[in-house]
Amino acid sequence: MKRDGVAVIDFGGQYAHLISRRIRDLGVYAEIVPFQNWKEVLIDSTVKAVVLSGGPASVYETDAPELPEEFFKIVNKPVLGICYGAQLIAQALGGTVGLAEDGEYGRTRLVVNKAEPLFIGTPEQQDVWMSHGDQVLALPSSFNIAASTDNCKLAAFQKEPNLYAVQFHPEVAHTTYGKQILENFVFNVAKIEKNWNVTDYVGEAIKEIREIVGENGMVLGALSGGVDSAVACVLTDRALGGRLQCFYIDTGLQRADDEAYVRHLSQHLGLKLKVVNAKSLFLSALDGVVDPEEKRKIIGSLFIKVFEQEASALGHFDFLLQGTLYPDVVESGGGAANVIKSHHNVGGLPERLGLKLLEPLRWLYKDEVRNMGKWLGIPEDFLMRHPFPGPGLAVRIVGPVKEEYLDISRRADRVLERVLKEEGVYSDLWQAFPVFTGVKSVGVKGDARHYGWVMAVRMVQSVDAMTADWYRADPELLEKIASTLISEIPELSRVVYDITSKPPGTIEWE
Ligand code: XMP
């Protein structure tokens, strides 16, 4: 691993990331390791403890991801199995795992009968988050029960000094004492010292950039108006000074303040920036196009074309800087990484331009990138902005994209953002945006019939965009959003609220 810490062995799904994030939040470095690499975990001396993640399979299925008995026999560092990971420990060492009579899903009452060491500092009865159909039915020899629920007698079990297992999910916020339980494992059992703080990591990252790029390498960095590319550019600029050239392609599909933000940021932080105005190019290519996929393809390929032209006009470069984050890097059994990657708009560019990739944020999670950005002097309101899709407002306008619709969408986006900030909810949301539905409806404004556009409002909460919940907004807030939109944007007659979660919906409409 990159430094001393906890290896989180991944058995699929998104659990592994959540566990690793929680451990990093405790100030201890954590890395995700695919289960096939278990031998590395045994011999790597930087691995001070191991967590086995949850996963969607059943341990007794033929192709289920597993660890051999040998792993548990020779491992000489503390191991914590969570859910599927707990069942693996039991199964590998001679216990029995099977379908539970009653599965447990959601908040469940746990009774602790042996507090040491995982439950120290937590009450005898506590709520934990369960999500399992299978469970451990019989323990391997010399294991003890530490806690039970009504339907799951073996909800926590252990064989001291090194093997610990919990059927519930301590990494989930609904497990009331989850943080304490992870702390007990990391600090009391594994005796790891705090060693991870993203601001300390800045120095290391700068050194790494210098080593990769060498003394004369030139780097090209595209700013998108988003957080990741901004932090990647500012960090790289700190490392290389004048050898980073940034640029921003104005597609005409961005939010109202995107270009101004990027210009302000680069002035404020002294980045070398070229702004390319490609608005009319994008708008004429999109003229009359209705199909969402076709819109995306047109935007993607035009972006690459403009990028190529501008890059060669700017001179010779050796590296392309990308704000790739840790979840995008880790192959996680079809998790968030794959989906978000498929959205990347510059895919294929580095090869075509003969550039090597520079990805200085590839070890970091989004919150860590925000913290790093703060430390680097990027203004907080910029860092807290919601994610915005590469194809921009084109996928938030149903049907053809026109200057008029873009203008209405931009103004509506601004109004919505302002209201949410005024009401103090903006930062509770993963994303909030208006969608131009392309539908007109009748309304009454000032005693007169008004035939105007219907705007939909989408507000979601999410951890990683893989799944999302529609936001259960207070009716007073919805009322304020609708009335402000209608009164400030004369072209609108009606506002509707999108109450579709993901799945089955996606976050964006197109
Ligand atoms: P969906 O709509 O697939 O979106 O649920 C998941 C997350 O990805 C963002 N998104 C994109 N990001 N290029 C991007 O960089 C894209 O083409 C793109 N499409 C969607 C979306 O805003 C959400 O956060």
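There is no residue in the range 475-496 that is within 16 Å of the ligand (Cβ to nearest atom), touching a helix residue (DSSP H, G or I) at 6+ places or on another chain (Cβ under 6 Å) and under 22 Å from VAL401 (Cα atoms).
Taking the range 1-29 as the range and being touching a helix residue (DSSP H, G or I) at 6+ places or on another chain (Cβ under 6 Å), part of a strand (DSSP E or B) and under 20 Å from GLN180 (Cα atoms) as the test, the residues that pass are VAL6, ALA7, VAL8.
For THR108, the stated conditions hold: it is in contact (Cβ under 8 Å) with a residue 60 or more places away in the chain, among the hydroxyl-bearing types (Ser, Thr, Tyr) and surrounded by 17 or more Cβ atoms within 10 Å (Cβ to Cβ). None of GLY446, GLY438, GLY399, GLY424 is at pLDDT below 95, surrounded by fewer than 20 Cβ atoms within 10 Å (Cβ to Cβ) and not acidic (Asp, Glu) except GLY446. The set of residues in the range 72-83 being within 31 Å of the chain's Cα centre (by Cα) and not charged (D, E, K, R) consists of PRO78, VAL79, LEU80, GLY81, ILE82, CYS83. If you filter the range 385-414 down to residues that are more than 15 Å from the ligand (Cβ to nearest atom) and within 20 Å of TYR248 (Cα to Cα), you find that the one that is nearest to the chain's Cα centre (by Cα) is ARG410.
Of all the residues in the range 415-471, those that are part of a helix (DSSP H, G or I), away from the ligand (no atom under 16 Å from the Cβ) and charged (D, E, K, R) number 3.
In this structure, ILE32 does not satisfy being touching a helix residue (DSSP H, G or I) at 6+ places or on another chain (Cβ under 7 Å) and closer than 21 Å to PHE143 by Cβ. Candidates GLY81, GLY54, GLY94: the one that is in contact with a Leu (Cβ under 6 Å, 6 or more places away or on another chain) and either not in a loop (DSSP other than H, G, I, E, B) or not basic (Lys, Arg) (or both) is GLY81. For the criterion of being in a strand (DSSP E or B), closer than 29 Å to LEU137 by Cβ and not assigned by TED's automatic domain parsing to the domain that holds LEU325, LEU99 passes.
The values are calculated or read from the model by the stated rules, or taken from the named source; none is laboratory data. The structure displayed is predicted, hence computed values, not measured ones. Reconstructed Cβ throughout: ideal geometry from the backbone, glycine too, with neighbour counts over all protein chains shown.
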